[in-house]
Amino acid sequence: MSPALPDHVIRELGRTEGDADSLGLLVRDQDTRRLVLLRALLDAAGEAPATVLPPRRLNRLRQDWALLEAADRADRTAARAVLLYPLAGPWAQRCLRGLTAPGATAGLTSDLDHLSALAAAAAIRAGLAFSVRLTAPGGGLLPLPTLGALQTDPGPVDIAFDGDRLTLRPGRPAAATVSVHTQPDGTTSSPDPRWLPVLSLAAVLPGARPVPLDDLDPHRTSGSGLERHGLSGATNIEAAGRKAWTRSWSGVEPLLRIGGEHRLTEAAVLLRCLVPLGPPPGSGPTGQGAAHCSGTRREAFGAVLSSQPASSAYFASTLVHELQHTKLSALGALVRLHHEDAVPRYFAPWRSDPRPFDGLLQGAYSHIALADYWQRFARGAERVAHRDLAWAEHARCREQVGAVLPVLAGSGALTHEGRVLVNEMISLYHRLADCPPPTGHLARAAAYVTTARVIWQQRNGSRRA
């Protein structure tokens, strides 16, 4: 979507860094792609046969689009906070498939109803007065993306906005009107318990946007295949859970700062929302087994999906880990990094299954950032127990990356940009050795990787280990 990046930006990103200007190039490209996707959806709707999109439904879509355009004219920044919201990406792709792919129309009507909610939310954020009738889906939860959701019976809901206050009137007899107060930053409040606001976490840096903790958007995990990646499903957070998330989040900023100013910058620039997941599979009722899981979605740029972190330190490291995936996916969309195929054949110490080359690159990139982060954390930690834990995490991540860097470096299918990126990763890997962990940590980490390789070979046979 944009011209190729200069080498100095790719070198910066190869070190898992990136200042606001460099990261801004990735953000602008992803934002442009989202707007093109939305336009493609509108065009596909206009070309769809009446059997797929009846005239009445097409007319409603065009009315919703007109409200979106009016909101964009009233306050472009505010309206696009909704259009560019990460969780609108999976929804738009799903709608486009429903309009264009044979046999993919299941759920299209309810999916397109969500455009009405998006348009209403954009108009509310832009301060544009309007009134419209929306339809609450079968689950009885009518979302207004980025703002909140109304608990109501399925069916029509009349909503009106006067530029400050939002009113929602369910269509069933004797249902009382719900009044919601809105703020310019998108936060909402209401004394009526039927209105569920999106929890907003404080901005990472002054001047940055608050971070929604969104457990309401209906498309937050749809089509993500979480289970295939060892993740739990989306969850709704009770009051006690919200307090726990807020408490952990309050300690993230100073811990990210330990990892370097670039860690704060990437969180401020790239992170647009958090999606809470349930406890990870196998954790058990008393916390046995895995304690945490997290992930990202390429089609939901800026979203991090995560179960509740055990501490602020692990919350910070989760952001470091997942935002590298966000960063590298956006870079790979902007410039071609390699021409390898997608066959899963490679050993990765952090996975039990074979990985394709691109997955190997993604994993190595995120783990070398973690190795760097935990090394800095260990050097700055005051308590011995914290230092020891950080050195152990650093050693494990460093040894894992060292096991796969030769495969990445030896590929003849890297492009120029890919070669620049991998070379910087190698340089960072060697710089980490300038400050080794205390005796024993690397030995244990090396044994861990060796054992993982043996188990992987036993399970996967002759594939590349």
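The values are calculated or read from the model by the stated rules, or taken from the named source; none is laboratory data. What you see is a predicted model, and the numbers here were worked out from it, not measured in a lab. Counting neighbours? That spans all protein chains shown, and the Cβs are built from the backbone with ideal geometry, glycine included. Each accessible area value is taken on the protein alone, full model and side chains, heavy atoms only, with ligands, DNA and RNA left out. Shrake-Rupley method; radii C 1.70, N 1.55, O 1.52, S 1.80 Å.
Annotations
- Hydrodynamic radius (Kirkwood) for region 148-218, which is based on Cα pairs only, to one decimal in Å: 13.5
- Panel note: the C-alpha atoms of region 341-417, placed on their principal axes, show extents of 46, 29, 14 Å (largest first).
- Helix-only mean residue ellipticity at 222 nm for the chain, each DSSP H run of n ≥ 4 adding -39500 (n - 2.57), per residue, nearest 500: -17000 deg cm²/dmol
- Residue by residue, region 265-277 carries 3J(HN,Hα) couplings of 4, 5, 5, 5, 7, 9, 7, 10, 6, 10, 10, x, 10 Hz when phi is fed to the Karplus relation 6.51 cos²θ - 1.76 cosθ + 1.60 (θ = phi - 60°); x denotes Gly or Pro.
- Taking the convex hull of Cα positions in region 297-456, its mean projected area over all directions (nm²): 9.9
- For region 69-171, average projected area of the Cα convex hull in nm²: 6.4
- For the chain, the solvent-accessible area with a 1.4 angstrom probe is 43 square angstrom per residue.
- Translational D in µm²/s for region 270-375 (Stokes-Einstein at 20 °C, 1.002 mPa s, Kirkwood Rh from C-alpha pairs): 143
- Residues with amide H under 5 Å from that of LEU199, placed H, sequence gap 5 or more: LEU213, ASP215
- Square roots of five times the Cα gyration tensor eigenvalues for region 65-127, Å: 25, 11, 9
- log10 of Debye I(q)/I(0), alpha-carbon scatterers only, for region 8-117 at 0.11, 0.13, 0.24 Å⁻¹: -0.44, -0.57, -1.35
- The chain: relative contact order as a whole-number percent, Cα under 8 Å and 6+ apart: 13
- Across all directions, the average projected area of the convex hull around the alpha carbons of the chain is 23.8 nm².
- Sorting the segments 433-443, 73-83 by their mean number of nearby beta carbons within 10 angstrom, highest to lowest, gives 73-83, 433-443.
- Cα centroid separation, region 356-430 to region 20-59 (Å): 36
- Whole-percent carbon and sulfur share, accessible surface of the chain, 1.4 Å: 53
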